[in-house]
């Protein structure tokens, strides 16, 4: 999985992501101080989304790609410290080598 963070995303970046998320109108993407991006296998990203939302006050969105460069990606939006905490928790779970039991994450 690849993980990135965008701090203080530009309006163009927000617009591009909202379009790929299928969001029309106002959303939390418009006011997010940071956006975390996670790209990889669908199964890993569904688990990563769950880990992130349980670890920190972030909201998770599916970012759709287009063929021939179909991307499977999620966006984690929130304040900078929450997005950083969510991405760090995903890294910790990845380092453990599985998602077998992350239900205890506070």
(message) For the condition in a loop (DSSP other than H, G, I, E, B) and over 10 Å from the mean Cα position of the chain (by Cα), what is the one hit in 43, 23?
(response) 23
(request) Go through the residues of segment 51-70 one by one and say whether even a single one is farther than 24 Å from residue 95 by Cβ and part of a loop (DSSP other than H, G, I, E, B). (result) yes
(request) Determine the pairs where a residue that is at negative phi and surrounded by 15 or more Cβ atoms within 10 Å (Cβ to Cβ), located within segment 51-70, has a partner that is at pLDDT below 90 and part of a strand (DSSP E or B) with Cβ atoms under 8 Å apart, the partner being 6 or more residues away or on another chain. (result) 63/71
(message) For the structure I just gave you, tell me whether residue 78 is out of contact with any strand residue (DSSP E or B) (no Cβ under 8 Å at 6 or more places or on another chain) and either surrounded by fewer than 18 Cβ atoms within 10 Å (Cβ to Cβ) or modelled with pLDDT of 95 or more (or both).
(response) no
(request) Return the residue satisfying two criteria in turn: it lies in segment 29-48 and is at pLDDT 95 or above and surrounded by fewer than 17 Cβ atoms within 10 Å (Cβ to Cβ), and of such residues it is nearest to residue 94 (Cα to Cα). (result) 33
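The values are calculated or read from the model by the stated rules, or taken from the named source; none is laboratory data. Computed from a predicted structure; not experimentally measured. In this analysis, Cβ positions are derived from the backbone assuming ideal geometry, glycine residues included, and neighbour counts consider all displayed protein chains.
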